[in-house]
Every structure is written in C-alpha cells, then in structure tokens.
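Here the structure is laid out as structure tokens; the discussion comes afterwards.
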Amino acid sequence: MSKKIEGGCLCGAVRYESDAEPLFAVNCHCRHCQMTSGSTHIPGIGLPAAAFSHTGDVTWYKIQNDRGGQSMRAFCPTCGTPIMGQIEGEEILFLHVITLDDPGGFAPQMDIFESSAQPWDRFDDTLPRFAKMPPMGE
C-alpha cells in the first residue's frame, strides 16, 4: 500500500486520511464483519488511531465483542457506508479497505475469525488462518 492512505464513503460526506503505515492487513470473517458488510468478510487494515483523521460526521454503533468488551463501528449517516471499526479502549483502527480511494494495493496477510467463516466462502490457501483474533499491531 502507498504511504498516504485516503478514502471515504459512497456519497463523499465522509473523507479520511492517514500517513501511517498499516500495522496489519487481514480478511476478517467474524459475524460482526459479515453483518456490517453484507458479505462473507471484510478486508481491513489496522492503523494507529492517533495517525488517522476524518472530515464529516460518522455514526458509531457499539456491540459486545467476543472478549467481553465493546466493538465500535463507524458508518456514514447519509449513505450508510461502513468505514471503520475500533475496539473500545484500544489505539488501533480497523479501516475497511474497500473505502480506500485506491484499494488495489491491498495484500492480506492472514484470515481471522475463520471459526465464523461461511462454508461457501473461498480462502487463499497461502495465507495463515486464525480461528479468532490473534495478537496484532503490538
């Protein structure tokens, strides 16, 4: 991926940028990502939250995660595009790759939450798979 990360929602009301290098790149198959995306998984990158900025309003939705904490999801309130997620109290943002201006440079490093993957989803057999969330970005 290029050094400068830029993107936004479908209608253009929300724009974001970051100069940070991604900490990780994953395909997440958890049920929350499936429901958020309306698909089998979300391709995402982890970024330091402090190096991320956005313009425009986002609506945050909180849900209990499998570790007993709160996961937060940010959507554009106008067009509904899911943009990012974050585990409450953590300093890493999970950015939805498809919202990047140029998502073509995405190269996943692993598949996570394989235990929730749909049986008809296809995996890249060259990537490591994890049943849940492995330690990342540390």
Next item on the list: Please go through segment 1-50 and pick out each residue that is within 20 Å of D102 (Cβ to Cβ) and basic (K, R).
Entry: K3, K4, R15
Check: Are any residues in segment 26-35 surrounded by 18 or more Cβ atoms within 10 Å (Cβ to Cβ) and in contact (Cβ under 8 Å) with a residue 60 or more places away in the chain, and if so, which ones?
Finding: V26, N27, C28, H29, C30, C33, Q34
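Residue-wise test of (1) at pLDDT 95 or above; (2) of a type in the set (K, R); (3) over 26 Å from K3 (Cα atoms).
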position	(1), (2), (3)
T40	no, no, yes
S53	yes, no, no
G56	yes, no, no
K62	no, yes, yes
R67	no, yes, yes
Q70	no, no, yes
A74	yes, no, no
Notebook entry, point to check: Can you tell me which residues in segment 85-95 are touching a residue at least 60 places away in the same chain (Cβ under 8 Å) and closer than 19 Å to T40 by Cα?
Noted result: F94, L95
Notebook entry, point to check: Within segment 1-18, how many residues turn out to be surrounded by fewer than 19 Cβ atoms within 10 Å (Cβ to Cβ) and outside any strand (DSSP E or B)?
Noted result: 8
Check: What do you reckon, is L127 surrounded by 13 or more Cβ atoms within 10 Å (Cβ to Cβ) and either closer than 14 Å to I5 by Cα or in contact with a Leu (Cβ under 9 Å, 6 or more places away or on another chain) (or both)?
Finding: no
Check: Counting just the residues of segment 49-99 that are touching a Lys or Arg at 6+ places or on another chain (Cβ under 6 Å) and among the polar types (S, T, N, Q), which one comes out surrounded by the most Cβ atoms within 10 Å (Cβ to Cβ)?
Finding: Q70
Next item on the list: Give segment 82-130 a look and list any residue that's within 15 Å of Q34 (Cα to Cα) and small (G, A, S), or say none.
Entry: G85, S115, S116, A117
Checklist line | strands (runs of 3 or more DSSP E) completely within segment 19-138 that count 3 or more residues being of a type outside the set (S, T, Y) and either in contact with a His (Cβ under 8 Å, 6 or more places away or on another chain) or closer than 24 Å to C9 by Cβ (or both) | finding: 24-28, 42-48, 59-64, 70-75, 82-87, 92-96
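The values are calculated or read from the model by the stated rules, or taken from the named source; none is laboratory data. None of these values were measured; they are calculated from a predicted model. Cβ: placed from backbone, ideal geometry, glycine included. Neighbour counts: every protein chain shown.
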